[in-house]
Amino acid sequence: MISEPSRLRVIESARAGDRKAFSELVSSYSGFVYSLARRLVGDPEDAEDIAQEVFVKAWLNLGLMRDCSSFPSWLAAIARRASVDHLRKRHGRTSLGGEDIDDLGVSDPPPDTGIDPGLERAMSALPERDRALLTMVYFGEFTHAEAGEVLGIPENSVRVYLLRARRRLRSLLEGRENELLQQIG
């Protein structure tokens, strides 16, 4: 990613209509947006489509963004809404808490995510909110406040939800570990 002062200058230039500056933002954040969409919808091709949609929406709405320093959070919020909308269109239902999304099933992750495939599979089994929080805080380097802003939940609730999400993830990973040990033994 770009350094903070440079990033703010690039964002300001993009807000002023500079396509080259926006292209630089797309280059810097496309992996993050794709990764977030991929973890939320599960399908690599759908995630690519969503990422393109996110950047089109971002370009059209840059003037509405209040604070340039919140660009990553703002972009993540667009990605999350686009992902949820996609799931809603594809499956006719979704839930912000993720209970309905759990029933959707998720394909295996692509090998180039940079994340251990076992961890990726375990994360895909989590409710949508848990996946989003873990992705933003641990992979997207969001603060608790930024993640809460994107998801529309208070910062203190983010801490509680993260604790629960980590426990669920640990349980899933331990279950996978036991399953592998049984296969070996």
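The values are calculated or read from the model by the stated rules, or taken from the named source; none is laboratory data. What you see is a predicted model, and the numbers here were worked out from it, not measured in a lab. Cβ coordinates were reconstructed from backbone atoms using ideal geometry, including for glycine residues, and neighbour counts include every protein chain displayed.
Here is a check on your reading of the model: is Leu87 part of a helix (DSSP H, G or I), modelled with pLDDT under 90, closer than 26 Å to Ala16 by Cα and of a type in the set (A, V, I, L, M, F, W, C)?
On the way: part of a helix (DSSP H, G or I): yes; modelled with pLDDT under 90: yes; closer than 26 Å to Ala16 by Cα: no; of a type in the set (A, V, I, L, M, F, W, C): yes.
Answer is no for this residue.
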The number of residues in region 120-163 that are over 12 Å from the mean Cα position of the chain (by Cα) and either of a type in the set (Asp, Glu) or outside any helix (DSSP H, G or I) (or both) is 11
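Scanning for something acidic (Asp, Glu), farther than 28 Å from Phe71 by Cβ and modelled with pLDDT under 80, does region 167-179 turn up at least one residue?
Taking region 167-179 as the starting set, the residues that turn out to be acidic (Asp, Glu) are 174, 177, 179.
Checking which are farther than 28 Å from Phe71 by Cβ leaves us with 174, 177, 179.
With the extra rule that they be modelled with pLDDT under 80, the set shrinks to 177, 179.
Yes, because at least one residue in region 167-179 is acidic (Asp, Glu), farther than 28 Å from Phe71 by Cβ and modelled with pLDDT under 80.
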Of all residues in region 105-152 being of a type in the set (A, V, I, L, M, F, W, C), surrounded by fewer than 17 Cβ atoms within 10 Å (Cβ to Cβ) and farther than 17 Å from Asp43 by Cα, the one that is modelled with the lowest pLDDT:
Phe139
Selection within region 35-86 - over 14 Å from the mean Cα position of the chain (by Cα) and among the basic types (Lys, Arg):
Lys57, Arg66
Among Gly31, Gly97, Gly17, which is modelled with pLDDT of 85 or more and not in a helix (DSSP H, G or I)?
Gly17
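Go through region 34-68 and report how many residues are loosely packed, with under 14 Cβ neighbours inside 10 Å and in contact with a Lys or Arg (Cβ under 9 Å, 6 or more places away or on another chain).
Number satisfying all stated conditions: 1.
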